[in-house]
Structure formats: structure tokens, C-alpha cells
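The values are calculated or read from the model by the stated rules, or taken from the named source; none is laboratory data. These numbers were taken from a predicted model, which means no experiment stands behind them. Heads up, the Cβs are rebuilt from the backbone with ideal geometry, glycines too, and the neighbour counts pull from every protein chain shown. With ligands, DNA and RNA removed, areas are computed over all heavy atoms of the protein, side chains included. Shrake-Rupley method; radii C 1.70, N 1.55, O 1.52, S 1.80 Å.
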Amino acid sequence: MRFATRRRREEEEAESAFVSMTDMTVSFLFIVMILLAFFASQYNDKDVVPRPVHETVVQERDSARQDVERLLLSIARLQAQIEDLKQTVATKDARIAELERQLAEALEKLKQRDPLEAYSARSTKARHEMIERLASAVKEDIAREKIEGLDVSAQGDALRFQGSGLFASGQGGLSGNSLRIIRLLGAHLEGQLPCFTVGPRGAIAASCNPDLVLIETVQVEGHTDADASQASNLTLSMLRATSAFNAIAPDAAQDDAPPMLAFQNLLGQPVLAVAGYGEMRPIGPNDSPEGKAANRRIDLRFIMYVPPGRDLIPQTVADIGRISTELQRRRGQP
């Protein structure tokens, strides 16, 4: 009897434990169901992207990535170019520094040169600049007047006029377009001479002539081709030079000296002069029409003052009068 009672108590305890486990399982499943219901309530079919849209977005993303890659590649190339340019600039800077050093050395040597050589170099430079200015002005005149067959150029120490439109074969005088251009040259020359000459019309000033260089002579030279004899060509070349001289320095009034002759050198002589060389100084072949036309020309040659001594190099504008007086005194010595 006691054994049966004990056994029943054990069965009741086992059944109670089983009931407790079942309750727990049911409770757990109930909690899971509540969670599933919550997540289901949060679901929104609008958050789902349609496949075509998705594919479009993916394509755009891939395209954007490719664009970025291309941009990065371009940036890399540009950076490489920048580095190359930096290297080039560095090389140029080094070259500039070297040239500046050489220039400084050259200027220092120039300072140490013989003063006569230095003054001569400055005279050559001033003459070149003057001839270039005149050539540029006359070329503009020729272009404005629409003149054909006439050319002007700077040739070392001379301003050269040549071409088929200057002189016909055997012709000694200027006429028409060539005469008009040479007269315009005279006007341009009249604007240049004051700052490089003395005399009644000379006006040397440091503002326009800082190196105080002076013109000795402006020689109007006539030339011919090789047709006819040398003697007749010499006469013809003088006629051409004289014709050009008269166009450059016309008389102000009858029986009056041309105003251009008031521009003088340090010896008190007019700087304008005339020379004829005939056929002796050709610049082209005389066996072709083009060569002959080139040889029938006028050269305006600029000869600069060369000091005969260091004491005759002008240092100031006031020195020029003293030097002129000394040169004329020396010339008057036996």
C-alpha cells in the first residue's frame, strides 16, 4: 500500500514537469508568432525595387564607375604632364640664369673695354635702330600708296631703295610714285636728324640720344646696271643721286639753301652728301631684267662720328660744343 502511494506521487510529479515543459514551449511559440506578426506589419511592398529599375541603376552605377576611372586616368596623365612642365620650367630657368650670368659678364667686359670701342658699338646700335625706323615708316608709305615695283630695306649701314618702279633703264630722274616716296623719306629723315646732329637745326638731347652718338654723313648714293659705258653710267648714277637728294632736301624757296642742309656734323658741314658709283657696286646679276632693276637703285648710307681720341668722346651734351670746336681747330692746322 505504501509502495503504491509512492509510485503515484512520482507519476504526478513527472506529469507536472511535462505540463510545465509544454507550457514553456507554447509560450515560446507564442512569442515567435508575435515577433513574426510584428515583422509582417513592418513589411512594405513599396520598398521593393522592380528589376528593370534595378538593372538601370546598376548600369548607371557601372557607367559612373567607368567615368571615375577615366577621370582618374586623365588626372594621372595631367599630373605627369605637370611634372614634365615643371622640369621644362626648371631647365628654362637654369638657362635663363646662365644667360643672365653671361650677359652680366659681357656688360662687365664692356665696361672694361676701350672707351672708343664701347662708343663705336653704341653708335652702331643707334644707327641700326634709326635705319630700321626709317625702313618701317617708308614701307607703310608704300603700302598706303599701293605702289608696286618699289622695295625698301635696311642693309647694314644703309637704307636701300630698289625695284623696277624706281628707275627705268637709262633714266636719271625720279618721277611719279618713286619721287613721291623719296619725298616722304625726306620728311621721315627730317624727324630723325635733329637728335643726332649739330648746327642750326640740331637738337641733341639725352632723352632721345642717351649715348650721345652723332652722324658724320648721310650719303645719298646712286647706282646703275651695266648697260652702256662705265663713264656714262657714272654720270647717270650721279644724276640719280642728285635727283634723290633734291627730293629729300627740297629748297624752301627759290635761291634759298634747303633747310635739310642746316643739319650739320661736328665739323660744321651739312650731313647730307651725294655720291655716284655707276655700275661698280652691283647687288644683282646684270644678265637678267630682275638683277638690272635691283642694280638701278638709291642707297642712303649713314656714316657715324668716330672720335679720334678718348678726350673727344662726348660724356654730356655740353661736351659736344667743346669737341666740335676742337675738331675744327685741328682740321685748320697745317
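Computing the accessible area with a 1.4 Å probe over protein heavy atoms, can you report the carbon and sulfur percentage for the chain?
57 percent
Checking a compactness column here: for the chain, what do you get for Rg(Cα) / (2.2 N^0.38 Å), N being the number of residues?
That ratio works out to 2.52.
Identify the GluC sites (Glu not before Pro) of the stretch 121-150 meeting these criteria: DSSP loop state and at most 11 other C-beta atoms within 10 Å of the C-beta.
Glu148
To the nearest Å, what is the center-to-center distance of the stretch 91-165 and the stretch 270-334, using C-alpha atoms only?
So the separation of the two Cα centres works out to 18 Å.
Determine, at each q value in 0.24 (inverse angstroms), the log₁₀ of I(q)/I(0) that the Debye formula gives when each Cα of the stretch 144-213 is one equal point scatterer.
-1.07
Under a 10 Å cutoff between Cα atoms, tell me which one of Pro194, Pro289, Pro115 has the largest fluctuation in the Gaussian network model of the chain.
Among Pro194, Pro289, Pro115, the largest mean-square fluctuation in the Gaussian network model of the chain belongs to Pro289.
Excluding Phe245 itself, what net charge comes from residues whose Cβ is under 13 Å from its Cβ, given Lys and Arg +1 and Asp and Glu -1?
My count for the surroundings of Phe245 gives 0.
With every protein chain present, what accessible area does Arg301 have (1.4 Å probe, heavy atoms only), rounded to the nearest 10 Å²?
Result for Arg301: roughly 50 Å² accessible.
Mind checking the per residue accessible area of the stretch 213-334 for me, 1.4 Å probe, whole number of Å²?
47 Å²
Can you pull the three principal axis extents for the Cα set of the stretch 197-319, in Å, largest first?
So the extents along the principal axes, rounded to whole Å, are 53, 38, 24.
Tell me, what is the 1.4 Å probe accessible area of Val57, in Å² to the nearest 10?
Result for Val57: roughly 80 Å² accessible.
So, counting K/R as plus one and D/E as minus one, what does the shell of residues with Cβ under 14 Å around Asp84 add up to?
+2
Just the number, please: Stokes-Einstein D of the stretch 136-263 in µm²/s, Kirkwood Rh from C-alpha pairs, 20 °C, 1.002 mPa s.
Value of D from the Cα-based Kirkwood radius: 133 µm²/s.
So, taking all protein chains as they sit and a 1.4 Å probe, how much accessible area belongs to Lys139, in Å² rounded to tens?
Surface accessible to solvent at Lys139 totals approximately 110 Å².
For Cys208, Cys195, give the ranking by accessible area with the largest first, probe 1.4 Å.
These residues rank, largest area first, as Cys208, Cys195.
What number, rounded to the nearest 500 deg cm²/dmol, is the helix-based mean residue ellipticity at 222 nm of the chain, given -39500 (n - 2.57) per DSSP H run of at least four residues and division by all its residues?
When only DSSP H runs of four or more count, the value is -20500 deg cm²/dmol.
Please work out whether the stretch 275-321 counts as rounded, prolate or oblate from its C-alpha gyration tensor, where a ≥ b ≥ c are the square roots of the eigenvalues and a/c under 1.5 means rounded, while otherwise a/b larger than b/c means prolate and anything else oblate?
In terms of gyration-tensor shape, prolate.
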